[in-house]
Amino acid sequence: MSLLRSASTVSLLTLLSRVTGLVRELLVATLFGASALTDAFNVAFRIPNLLRRLFAEGAFSQAFVPLLSRSRAQDGDAATRALIDAVGTILFWVLVAVSVIGVLAAPALVWLMASGLRQSGGFDEAVVMTRWMFPYIACMSMVALCAGILNTWGRFAVPAATPVLLNVSVVGAALLLAPVFQARGVPGIYAMAVGVMLGGVLQVAVQWPLLVRLHLWPRVALGPAGWRRAWSHPGVHRVLRQMAPAVLGVSVAQLSLLVNTQIASHLGAGAVSWLTYADRLMEFPTALLGVALGVVLLPKLSAAQAQDDVAAFSSLLDWGLRLVVLLALPSAVALLLFAQPLVSVLYHYGRFSAQDVHMTVTALAGYGCGLLGLIAIKVLAPGYYARLDIRTPVRIAIVVLLLTQAMNALFVPWLGHAGLALSIGLAALVNAGWLLTGLIRRGAYRPQPGWALFAGRVAAATLVLGAGLWWAAQALDWIGLRHQPLLRVGALTGCLLAAALLYFGTLAATGLKLRTLLRR
């Protein structure tokens, strides 16, 4: 299967995930607006999500997938299955302990994440929802284990599709459970927490049949003897050794999120929610391109590194970076120049006010400034992880964290919550540039010929796209058309289709042949 086909499969399924996620956020915005209660839900949901990114999808995947790929390439399937069993056993028992601790320590966790909720409201509700949703981290950690196994065996579709189940569960809870809760005097937003937990369980369940079919399901030892046997497996200690710096690296990014959420919680009711709504839109290009490329490239890069194929390693990175520039640059321009139409059409209903639109737009513009860096990191960081070098990205991330907080001190008094988004965006550009420079200096990446011409063509097409989007943003009163949703949706769809035709048409006119990006 070509890399482009694999990435396209992941991207299409990720698109479905993001579309259903957008429906989820649209329902939250319509039913609850941007208020103290929505801030409480977003904070409560961020706590298990933060730990999920820290230990599951973040550090664990970065450490486990390269070692799993290397074990399969060098030691064979039988040894690799033994590694899966041992790692699965240790992970399961750690998750049980973490879940119990998290439920008991929920008040302290909410205070650490967003102590400002005590003043703006929603602190007690955030504690309740944190307790309901904290075991979600256990589900998602097992999902990360299963996804790492399936991706290593080239089965990308099912892991990419699983997030849809979370969104469908939350949407179902919002439509079916929220009215029931409200009728009984319980805040309707609590139903969202129930939907999150149901979605986590479903995501584990949907991957299990494929693992069974491949004879790759983790055999978790339940007794002390099995636990000790799993702990003595050398592969477990290799994963832990790789995870140690990876945890530090991912924790730097999550610490930045923690600090930003804490700051936002002190900026008044709604600030956390505005950032969350903007982040959901920013995740479209980040996930569709960055996550998809990262998922596909990491096992391939790990295999090339295990075979000491320097040319293939460099070529893979070059292919990924060209796709990043081709698609991330116009996406960033769209977020900067077309933010108000996007936010208005997607969120401006029910209890989501015109003021909420404006506040979300300013946050989205801040994220858009660094979109190219945010996506490029997803391609460049696997170049280090595949070489089992996690320390370098960690050192870079620590410096970038300090830079982010310095920019927060400068921007937040001036721009409020939008300053938090701008700091993240600009810091991502620095992070990506640093990672790229390091790979070039190490000889791991040698840019292939034709980059100057390629970049010039993309820049020209992006300028044309930007002019078209700017005109379209001014041509209609997008907020004023709130009570004509079909007209707004139709106008937005037409504008986006025209923008895509304009961009790719300009690329074709400059002589860029997209089929050159196809790669076996």
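Testing Trp434 on (1) among the hydrophobic types (A, V, I, L, M, F, W, C); (2) more than 27 Å from the chain's Cα centre (by Cα); (3) assigned to a helix (DSSP H, G or I); (4) more than 26 Å from Val343 (Cβ to Cβ), one condition comes back false. Which one is that?
(2)
Does segment 344-357 contain any residue that is among the polar types (S, T, N, Q) and open to solvent by 60 Å² or more (accessible area, probe 1.4 Å)?
Yes, the conditions are met somewhere in segment 344-357.
Within segment 217-237, can you find the residues that are open to solvent by 70 Å² or more (accessible area, probe 1.4 Å) and in contact (Cβ under 8 Å) with a residue 12 or more places away in the chain?
Arg219, Trp227, Arg229, Trp231
Quick check on my filter: what residues within segment 196-212 are polar (S, T, N, Q) and farther than 11 Å from Pro159 by Cα?
First, pick out the residues of segment 196-212 that are polar (S, T, N, Q): 203, 207.
Result: no residue meets the conditions.
Determine the pairs where a residue that is closer than 12 Å to Val345 by Cβ, located within segment 474-485, has a partner that is open to solvent by 60 Å² or more (accessible area, probe 1.4 Å) and part of a loop (DSSP other than H, G, I, E, B) with Cβ atoms under 9 Å apart, the partner being 6 or more residues away or on another chain.
none
Among the residues of segment 145-177 satisfying the criterion of being in a loop (DSSP other than H, G, I, E, B) and over 15 Å from Thr80 (Cβ atoms), which is modelled with the highest pLDDT?
Among those that are in a loop (DSSP other than H, G, I, E, B) and over 15 Å from Thr80 (Cβ atoms), it is Thr162.
For segment 110-155, name all the residues that are more than 18 Å from the chain's Cα centre (by Cα) and of a type in the set (S, T, N, Q).
Scanning segment 110-155 gives Ser115, Gln119, Ser120, Thr130, Thr152.
Rundown of residues vs (1) hydrophobic (A, V, I, L, M, F, W, C); (2) crowded, with 17+ Cβ neighbours inside 10 Å, yes/no style:
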| position | (1), (2) |
| --- | --- |
| Asp75 | no, no |
| Thr80 | no, yes |
| Thr89 | no, yes |
| Val96 | yes, no |
| Ala105 | yes, no |
| Gly116 | no, yes |
| Ser120 | no, yes |
| Asp124 | no, no |
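What do you reckon, is Pro449 open to solvent by 10 Å² or more (accessible area, probe 1.4 Å), over 30 Å from Gly270 (Cα atoms) and assigned to a loop (DSSP other than H, G, I, E, B)?
yes
State whether the residues of segment 436-451 include one that is of a type in the set (Lys, Arg) and touching a Leu at 6+ places or on another chain (Cβ under 8 Å).
Scanning segment 436-451 turns up no residue that is of a type in the set (Lys, Arg) and touching a Leu at 6+ places or on another chain (Cβ under 8 Å).
What pairs come out if I take residues in segment 183-203 that are in contact (Cβ under 8 Å) with a residue 60 or more places away in the chain and pair them with residues that are in a loop (DSSP other than H, G, I, E, B) whose C-beta lies under 8 Å away, six or more apart or interchain?
Short answer, once both residue conditions are applied: Met197/Pro135; Gly200/Pro135; Gln203/Thr162.
Checking Gly199 against (1) buried (at least 18 other Cβ atoms within 10 Å of the Cβ); (2) closer than 15 Å to Gly88 by Cα: exactly one of these is not met. Which one?
All conditions are met except number (2).
Does segment 178-209 hold any residues that are in contact with a helix residue (DSSP H, G or I) (Cβ under 8 Å, 6 or more places away or on another chain) and part of a loop (DSSP other than H, G, I, E, B), and which are they?
Pro187, Gly188, Ile189
Kindly provide the set of residues from segment 202-216 that are surrounded by fewer than 20 Cβ atoms within 10 Å (Cβ to Cβ) and within 23 Å of Thr130 (Cβ to Cβ), ordered by number.
Leu202, Val204
If Leu68 satisfies all but one of (1) in contact with a Ser or Thr (Cβ under 9 Å, 6 or more places away or on another chain); (2) over 16 Å from Ala147 (Cα atoms); (3) in contact (Cβ under 8 Å) with a residue 24 or more places away in the chain, what's the number of the condition it fails?
(2)
Answer with yes or no whether Val400 is under 20 Å from the mean Cα position of the chain (by Cα), hydrophobic (A, V, I, L, M, F, W, C) and over 30 Å from Ala491 (Cβ atoms).
Working: under 20 Å from the mean Cα position of the chain (by Cα): yes; hydrophobic (A, V, I, L, M, F, W, C): yes; over 30 Å from Ala491 (Cβ atoms): yes.
Yes: the conditions hold for Val400.
For segment 1-20, state whether one or more residues are at pLDDT 80 or above and closer than 28 Å to Gly268 by Cα.
No, segment 1-20 contains no residue that is at pLDDT 80 or above and closer than 28 Å to Gly268 by Cα.
Regarding Ser71, is this residue more than 19 Å from Trp231 (Cα to Cα), among the hydroxyl-bearing types (Ser, Thr, Tyr), in a helix (DSSP H, G or I) and touching a helix residue (DSSP H, G or I) at 6+ places or on another chain (Cβ under 6 Å)? If you could, list the steps in order and put the result at the bottom.
On the way: more than 19 Å from Trp231 (Cα to Cα): no; among the hydroxyl-bearing types (Ser, Thr, Tyr): yes; in a helix (DSSP H, G or I): yes; touching a helix residue (DSSP H, G or I) at 6+ places or on another chain (Cβ under 6 Å): yes.
Criteria not met by Ser71.
Identify, please: which residue in segment 126-148 is aliphatic (A, V, I, L, M) and over 30 Å from Val236 (Cβ atoms) and is, among those, most open to solvent (accessible area, probe 1.4 Å)?
Val128
Which residue out of Leu401, Leu420 is farther than 17 Å from Leu335 by Cβ and touching a residue at least 12 places away in the same chain (Cβ under 8 Å)?
None of the other options fit; the residue is Leu401.
Would you confirm whether any residue within segment 79-86 is assigned to a helix (DSSP H, G or I), under 26 Å from the mean Cα position of the chain (by Cα) and modelled with pLDDT of 75 or more?
Yes, the conditions are met somewhere in segment 79-86.
Regarding segment 281-297, can at least one residue be identified that is modelled with pLDDT of 75 or more, β-branched (Val, Ile, Thr), farther than 30 Å from Ala354 by Cα and surrounded by fewer than 24 Cβ atoms within 10 Å (Cβ to Cβ)?
No.
The values are calculated or read from the model by the stated rules, or taken from the named source; none is laboratory data. A quick note: this is a predicted structure, and the numbers were derived from the prediction, not measured. Note that we place each Cβ from the backbone using ideal geometry, even for glycine, and neighbour counts take in every protein chain shown. Ligands, DNA and RNA are excluded from the accessible area calculation, which covers all protein heavy atoms including side chains. Shrake-Rupley method; radii C 1.70, N 1.55, O 1.52, S 1.80 Å.
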